[in-house]
C-alpha cells in the first residue's frame, strides 16, 4: 500500500466512512485480551486486539493502533473513535 492509500484508509477510520456505526463497533471491539505480562502491554500499552488493531486504554477513552516492520521499513498509526465506545 502506498502512502496516499494508507492516508485515505486512516482518514476513513477516523471519520467513520464506508462502514455503518455497528460495523465499526464490531471491528474495533476488543476480541483478545492480553495478559498483564505480555510484551505489548509493557512496550506499547496494548491491552487487547480488535480485528486488525491493538486496543490501548487512554485517559480519553480507547485508542486503536496498527503497525508493521519488515526489517527495512517500520510504520505505526494510532487513532481514536470515541463514538464507537458507546
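The values are calculated or read from the model by the stated rules, or taken from the named source; none is laboratory data. The structure displayed is predicted, hence computed values, not measured ones. As a convention, Cβ positions derive from the backbone with ideal geometry for all residues, glycine included, and neighbour counts pool all protein chains shown.
A few notes on this one:
- Sub-6 Å Cβ pairs linking a first residue in region 15-31 that is over 18 Å from residue 55 (Cα atoms) to a second residue that is in a helix (DSSP H, G or I), at least 6 apart or interchain, are 18/12, ordered by first then second residue.
- Total residues in region 25-50, condition in contact with a helix residue (DSSP H, G or I) (Cβ under 7 Å, 6 or more places away or on another chain) and within 16 Å of residue 78 (Cβ to Cβ): 4
- Of the helices (runs of 4 or more DSSP H) entirely within the chain, those holding at least 1 residues that are exposed (fewer than 11 other Cβ atoms within 10 Å of the Cβ), modelled with pLDDT of 85 or more and at negative phi occupy 3-15, 21-28.
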